[in-house]
Amino acid sequence: MFPLFLTKTPPVLVSPASMSVTYVRRCLHSRTPRRFLHTANPSPTSAPNLFSDPIFKSKVEELISKQHWYNLKELIKPINPSSFLELLLESGFDSSSILGFFRWSKVYHPLENLFKLLVLLVNDKKYPKVRSLLHDFVKNGKTHSVSSVFHTLLTCSDNFCANSIIVDMLVLAYVNNGKLDLALEGFRRAGDYGFKLSVFSCKPMLKGVVKEGKFEVGENVYKEMIRRRIWVDLYTFNVVINGLCKAAKLNKARDVMDDMKVRGIMPNVVTYNTLIDGYCKRGGDGKMYKADALLREMVEQGVSPNERTYNILIDGFCKDDNVGAAVKVFKEMQLQGMRMDVVTFNSLIYGLFGDGKVDEALGLRAEMIHLGLEPNIRTYNVMINGFSKMKMFGEAKELFNDIVKQGLDLNVLTFNTVIDAHSKAGKMEEAVALRDQMLRKLICPNISTYNCLLGGYYRDGNVGAAKELLEEMEEKSVKADLVTYNIRIDAMCKREESRKAVRLLDEMSEKRLFPSHVTYNTLMAGYCQEGNTKAAVTIRKRMEKEGKQPNVVTYNVLIKGFCQKDKLEEANALLNEMLERGLAPNRITYDIIREEMIDKGFVPDIDGHLYKDIVNC
DNA sequence: TTAGGGTTAG
């Protein structure tokens, strides 16, 4: 569309190409230009070069520079705007004037002309204008394939530098307009066309890729940047390291940190914090030792930890069931005069509740208020969850009611927490009523909400209600996740339908859901409960084939299974296998050994210290 | 410009 030029005029009376020159010249030399009937469909390339007339050229220059668009419109009325733009591009006009006309005309110009204008702007180093033009092109323009865009650019210009800058800014425009796939395609194909991109576009693209959880893609982009010798700056390295940490590729993340040093870029506090957080969350066995070692390393390297470093460690220790260590870090923060924030307190309150230290958790909340820190919705969610787990439902309800009074907004996690508490307490009617309440508040239930309810129905033995809920999920297009399947598998196993539960693994595979340790351990527990230890061992083999090594729960399940079949020697062998693998027995292992072995007169052949611990426990 | 906290499953 070309709203400023299209008029509801009668049909063509003359050919615009021949008429327009005469007309325009007449207009220029007469005071009052007369109205002109122009073509409804002028040929885009038919306009002769009007700018050979210096008077006309200077008039156009004047009108554009003064932004007298109405007069310009009258002057060039018979000429197709695209043709006029082409004339401007070919007639040595300055880039700003051409851009002025381009923007004012509000018409879809052929891609070639856009790129010719962009090259002119790049040559004049008017980069913000290039960025803005490309942004509009991506946002409002027709969708062109990346290859057609690149091909057109090559036909318009052989200036390697200018072309590369344009493509760089185009990729950035794709990212900024949420078209990450096009940005990635642009990045990949740029090499084929000989365009060199820069960190200017690669960094936001990587950021977007990591944010969307496409860690593998991010890793490949980084490798390709190195291969194409694209300069990588500190921030981009940090984005790459963050992506690798989130994908649990911690060794690779470390390699990248070493690589950046080789390239003369020293890791900063963000680099170390990212890695420390990676180890805290996904570092496997001894993860907190590794995190602590990194903390020492950063200090040795002259990088000072900040508040966030300590927050990461506090959270890590709390999640590792080591609140004592978390409290030490907290006290260290106090000693160093560091400013603690709501995150510090939320993490520690979470840890204290998990350790059953309700009074200390409450004391901490009082301390945070004393320091002028307002508890936020996460503080409430942590505390409601903590109280619920301690079966202190009165306190949990009081806090739930307090949230709105404090002017905070309830969110889906608040509801999921209370729905789960009710479902675990066997109060399914209340749980469903809470779900209705959240709907009235326009808070959309998510898959976790459904999982909480589903678990509740199965615990109640209400298979019918659970089935209806699964159908409702289907109707509402709420996709089942790994937890949904684990809940269903657990319910089937508890009904002694383990063989049927195993078939759900195929359904999961169709939905590209990968079974976890929980999935396999649940199935093993099901078979053991049915007395079928042979089938349980088959599941273990299947799990190992999938690259998952047995964990403490796996051993606990199997050891208990063998004990209950009176296969105590085999149970003892499993126990020693677990110890040889460096897996520490937990309280449940202790209970099994005591109740299923020692109390039944069997003396397990294990390390003497461990035996003593178990007996004294 | 890059880094931290809350729900559901064994």
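The values are calculated or read from the model by the stated rules, or taken from the named source; none is laboratory data. Computed from a predicted model, the values in this text were never measured in an experiment. Every residue, glycine as well, gets a Cβ built from its backbone with ideal geometry; the counts of neighbours run over all protein chains shown. When the accessible area is computed, the model is the full protein with side chains, heavy atoms only, and any ligands, DNA or RNA have been set aside. Shrake-Rupley method; radii C 1.70, N 1.55, O 1.52, S 1.80 Å.
It is to be established whether one or more residues within the stretch A:380-402 are among the β-branched types (Val, Ile, Thr), surrounded by fewer than 14 Cβ atoms within 10 Å (Cβ to Cβ) and either assigned to a helix (DSSP H, G or I) or in contact with a Phe, Trp or Tyr (Cβ under 9 Å, 6 or more places away or on another chain) (or both).
no
Counting only residues that are open to solvent by 50 Å² or more (accessible area, probe 1.4 Å) and within 15 Å of residue A:443 (Cα to Cα), how many does the stretch A:403-423 have?
Total satisfying the criteria: 3.
Scan the stretch A:132-166 for residues that are assigned to a helix (DSSP H, G or I), open to solvent by 70 Å² or more (accessible area, probe 1.4 Å) and of a type outside the set (Phe, Trp, Tyr) and jot them down.
Those that are assigned to a helix (DSSP H, G or I), open to solvent by 70 Å² or more (accessible area, probe 1.4 Å) and of a type outside the set (Phe, Trp, Tyr): A:139, A:140, A:151, A:154, A:155, A:161.
Run down A:524, A:597 and say which single residue is at pLDDT 95 or above and not small (Gly, Ala, Ser).
Step by step, each of A:524, A:597 is checked, and only A:524 is at pLDDT 95 or above and not small (Gly, Ala, Ser).
Can you find, within the stretch A:494-520, the residue that is farthest from DNA strand B (Cβ to nearest atom) among those that are under 20 Å from residue A:479 (Cα atoms), of a type in the set (Ser, Thr, Tyr) and surrounded by 14 or more Cβ atoms within 10 Å (Cβ to Cβ)?
A:519
Restricting to the stretch A:537-564, and then to whatever is charged (D, E, K, R) and modelled with pLDDT of 95 or more, can you tell me which residue is nearest to residue A:523 (Cα to Cα)?
Checked the stretch A:537-564; the qualifying residue nearest to residue A:523 (Cα to Cα) is A:540.
Return yes or no: is residue A:321 farther than 24 Å from residue A:368 by Cβ, in contact with a Gly (Cβ under 9 Å, 6 or more places away or on another chain) and within 15 Å of DNA strand B (Cβ to nearest atom)?
Criteria not met by residue A:321.
Restricting the search to the stretch A:394-439, which residues are in contact with a Gly (Cβ under 9 Å, 6 or more places away or on another chain), under 18 Å from residue A:382 (Cβ atoms), of a type outside the set (D, E, K, R) and near DNA strand B (Cβ under 9 Å from one of its atoms)?
Scanning the stretch A:394-439 gives a single hit, A:419.
Table: residues versus (1) open to solvent by less than 30 Å² (accessible area, probe 1.4 Å); (2) in contact with a strand residue (DSSP E or B) (Cβ under 6 Å, 6 or more places away or on another chain); (3) assigned to a helix (DSSP H, G or I); (4) in contact (Cβ under 8 Å) with a residue 40 or more places away in the chain.
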{"site": "A:168", "(1), (2), (3), (4)": "yes, no, yes, no"}
{"site": "A:197", "(1), (2), (3), (4)": "yes, no, no, no"}
{"site": "A:209", "(1), (2), (3), (4)": "yes, no, yes, no"}
{"site": "A:213", "(1), (2), (3), (4)": "no, no, no, no"}
{"site": "A:221", "(1), (2), (3), (4)": "yes, no, yes, no"}
{"site": "A:226", "(1), (2), (3), (4)": "no, no, yes, no"}
{"site": "A:229", "(1), (2), (3), (4)": "no, no, no, no"}
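Only one of A:125, A:116, A:129 is part of a loop (DSSP other than H, G, I, E, B) and either open to solvent by 60 Å² or more (accessible area, probe 1.4 Å) or closer than 28 Å to residue A:217 by Cβ (or both). Can you tell me which?
Residue meeting the stated conditions: A:125.
Do any helices (runs of 4 or more DSSP H) entirely within the stretch A:532-617 hold 1 or more residues that are surrounded by 15 or more Cβ atoms within 10 Å (Cβ to Cβ) and hydroxyl-bearing (Ser, Thr, Tyr), and if so, which?
A:533-545, A:552-564, A:587-592, A:608-616
Do we find that residue A:454 is aliphatic (A, V, I, L, M), farther than 20 Å from residue A:384 by Cα, at pLDDT 95 or above and within 16 Å of DNA strand B (Cβ to nearest atom) in this structure?
Judged against the criteria, residue A:454 is a match.
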